[in-house]
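J.: Below are the C-alpha cells for one structure; questions will follow.
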Amino acid sequence: MSGRHDTMTEQTPVTETTATKVPTLPDAQTVTSVQHYTDRLFSFRVTRPQSLRFRSGEFVMIGLMGDNGRPLLRAYSIASPAWDDELEFYSIKVPDGPLTSKLQHIKVGDEIILRPKPVGTLVHDALLPGKRLYFFSTGTGFAPFASLLREPETYEKYDEIIMTHTCRDVDELTYGRDLIADLKQDEMMQELLGEENLGKLKYYPTTTREESPKMGRITTLIENGELFGDLGVPALDPATDRAMVCGSLEFNLDIKALLEKAGLNEGANSEPGEFVIEKAFVG
Ligand code: A2P
C-alpha cells in the first residue's frame, strides 16, 4: 500500500522509512473488493474518480506500476454501469501475463492505476433503433454487458434483450450467472430497471468443454438455428435485430461473418449501424 494518508507533520519527522515509501501512483484508485471465481477468473471493484464520466459499455486503461517503475496498463471494459459510485472490472488471470499475473493478487486497500479516459464502441449510441438486442460474449467478454445489463437505457430501447455467454466450463459462467440472478432478485435493481423491463431479458449460457444443460459454441448454435428455436424467436433480421459482440478476436470475426450474412451492418459511434464489436482484452 502507498503512503497516501501519511502526512508529514512536526510530530512525525521525515525518517528513512517514511522518506522511501512508495509514492502515490498517478491516477491511483483504491480497491474496495475482490472476488475470485476460478483459477482463471476474478472480479474487483475500485473507487471511482469524481471526474470520470463514461457510457455503459466503454473501457478504460487500468494497471499497476511495472518492475521498471513505469505504468503497465491494459484496456479493461468497465463492468459496472455508468450510475454506480464505484468501478467494477472482470479479469482473466494469465499465469505469465505481464499485468494479470500481478493484478490477480490485489487486495482490498491496494491501489491500481486508472486513466480516466473512457472509450469504446459497445454503446447504445452506435446502434440504430431496433426491437431485439443480442449481447454475444465469450469468457471475460461478458464484462461490458455486465455494465449494459444494469443500465436502464438497455431496457427502455428494446422489447427483448438476449444475453449469450459461452465459456469452456460451467464455473466460468458464475460471474454472469450471479449477476443476472441478482438483477432479478435485488430490490434496488428491480426499482431502478423495472420488474416488467427485467422480464425482457433472456439469458442463454453455453459451455463447450464441460457438460451443461446447453452445450456448443454460440456460432454453431446460430448456424444450426438452435439458438432461435430454444428462445422462440425468429432468425436474425436486420429490420428488427441489433447486436453487440465481445470476445476473442477469432470469435468476433466468426460472429461478424454470421451477422453480415444475415444482412446486418457494422456500426460505430460516428455512424450507427446494426451491430458493434469489441475485443475482450487480455494481458
Ligand atoms: P472452445 O472450447 O470450443 O474453444 P477462451 O476461454 O479460450 O477464451 O474461450 C471461451 C469460449 O469461447 C470457449 O467456450 C470457446 O470454445 C469459445 N470460442 C473460442 N473461439 C471461438 C470462435 N471462434 N467462435 C465461437 N466460439 C469460440
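J.: Hey, any hits in region 246-261 for a residue that's more than 14 Å from the ligand (Cβ to nearest atom) and touching a Gly at 6+ places or on another chain (Cβ under 6 Å)?
T.: no
J.: When you look at ILE62, is it within 16 Å of the chain's Cα centre (by Cα) and within 17 Å of ILE106 (Cα to Cα), yes or no?
T.: Yes.
J.: Identify, from the list LEU183, LEU221, the residue that is of a type in the set (A, V, I, L, M, F, W, C), away from the ligand (no atom under 16 Å from the Cβ) and either surrounded by 13 or more Cβ atoms within 10 Å (Cβ to Cβ) or not in a helix (DSSP H, G or I) (or both).
T.: Only one candidate qualifies: LEU183.
J.: Continuing with this model, one more query. If you go through region 78-100, how many residues are over 26 Å from SER51 (Cα atoms), surrounded by 15 or more Cβ atoms within 10 Å (Cβ to Cβ) and of a type in the set (D, E, K, R)?
T.: Matching residues across region 78-100 total 1.
J.: If I ask for residues that are more than 15 Å from the ligand (Cβ to nearest atom), touching a strand residue (DSSP E or B) at 6+ places or on another chain (Cβ under 9 Å) and either part of a helix (DSSP H, G or I) or aromatic (Phe, Trp, Tyr) (or both), which ones from region 145-176 would you list?
T.: Scanning region 145-176 gives ALA146, SER147, LEU148, THR154, TYR155, LYS157, TYR158.
Condition check ((1) modelled with pLDDT of 95 or more; (2) buried (at least 16 other Cβ atoms within 10 Å of the Cβ)) across all residues:
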position: VAL22; (1), (2): no, no
position: SER33; (1), (2): yes, no
position: ARG45; (1), (2): yes, yes
position: ILE62; (1), (2): yes, yes
position: TYR76; (1), (2): yes, yes
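Residues are listed down the side, and each one gets a yes or a no for (1) in contact with an Asp or Glu (Cβ under 9 Å, 6 or more places away or on another chain); (2) not in a strand (DSSP E or B):
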position	(1), (2)
GLU88	no, no
PRO98	no, yes
ILE106	no, yes
LEU114	yes, no
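The values are calculated or read from the model by the stated rules, or taken from the named source; none is laboratory data. Quantities reported herein were computed from a predicted structural model and do not represent experimental measurements. Note that each Cβ is placed from the backbone with ideal geometry, even for glycine, and that neighbours are counted across all protein chains shown.
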